[in-house]
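Written below as structure tokens is the structure these notes are about.
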Amino acid sequence: MTKKRIVIIQVLVGFILPLFLQTFGLFSPCWTTDGNINKGLFYQCVGSTCNSESGILNRATLGLECTAFIVMAFSFLVFGVGIVCYGPDELGEFNNGTSGLCYNICKMYAMQCFCCFPCSGLLSLVGCIVFSSDFNTAALGWSFYMCIAAGSIVFLNVSVTKASPISASHF
């Protein structure tokens with residue numbers, strides 16, 4: 001498999017998939033299910049009717065998951081800007097220059113992204129642990145598991161990144 005394909009797979013699975021899972025897990029109303037009632041972090045749904053006046057299920061989880069989402073989205077945007085600025089060049093190489101203002105700015109942002117992204121996974125996992133300590137595990141819905149998966153994929157991506165073509169040593 002070529003280096004370019006490995007990078008594309010890593011970006012899709014390591015950055016886009018966790019952001020997708022975190023977004024839908026955070027904003028969906030299925031953190032807990034009780035028969036016909038689905039409760040989310042922001043609102044609850046009874047049947048097909050949803051309202052936000054039911055109150056927040058767990059304020060700590062809401063804060064941690066929202067912070068994880070913001071940090072994850074910020075890291076994803078910074079990563080995208082870094083790819084546009086820094087590489088690949090016309091030949092498909094990622095080492096297209098080591099000087100200049102654009103290189104230095106992208107290097108700084110890429111290192112921030114590399115440091116912030118694992119923090120977002122940790123925040124997501126801690127938020128899910130706090131939430132699961134307050135509710136019965138049989139009542140947990142698929143939104144909870146989406147956020148657990150997002151945090152886990154982030155940690156898996158960070159552990160795999162060290163040996164991949166897109167590691168921080170390239171910056």
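The values are calculated or read from the model by the stated rules, or taken from the named source; none is laboratory data. Treat the numbers as computed from the prediction; the structure is a model and nothing was measured. Heads up, the Cβs are rebuilt from the backbone with ideal geometry, glycines too, and the neighbour counts pull from every protein chain shown.
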Original post:
Give me the pairs: first residue in segment 19-47 and part of a loop (DSSP other than H, G, I, E, B), second residue among the β-branched types (Val, Ile, Thr) and surrounded by fewer than 17 Cβ atoms within 10 Å (Cβ to Cβ), beta-carbon distance under 8 Å, and six or more apart or on different chains, which are they?
Top reply: Asn36/Val46; Leu41/Ile56; Phe42/Ile56
Subject >> Restricting segment 7-43 to residues that are modelled with pLDDT under 80 and either among the acidic types (Asp, Glu) or farther than 15 Å from Leu156 by Cβ (or both), the residue that is surrounded by the fewest Cβ atoms within 10 Å (Cβ to Cβ) >> reply: Ile8
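Okay, residues lined up against (1) modelled with pLDDT of 80 or more; (2) under 12 Å from the mean Cα position of the chain (by Cα); (3) over 24 Å from Gln22 (Cα atoms):
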{"position": "Pro88", "(1), (2), (3)": "no, no, yes"}
{"position": "Gly97", "(1), (2), (3)": "no, no, yes"}
{"position": "Ile105", "(1), (2), (3)": "no, no, yes"}
{"position": "Ala110", "(1), (2), (3)": "no, no, no"}
{"position": "Cys116", "(1), (2), (3)": "yes, yes, no"}
{"position": "Cys119", "(1), (2), (3)": "yes, yes, no"}
{"position": "Thr137", "(1), (2), (3)": "yes, no, no"}
{"position": "Ala149", "(1), (2), (3)": "yes, yes, no"}
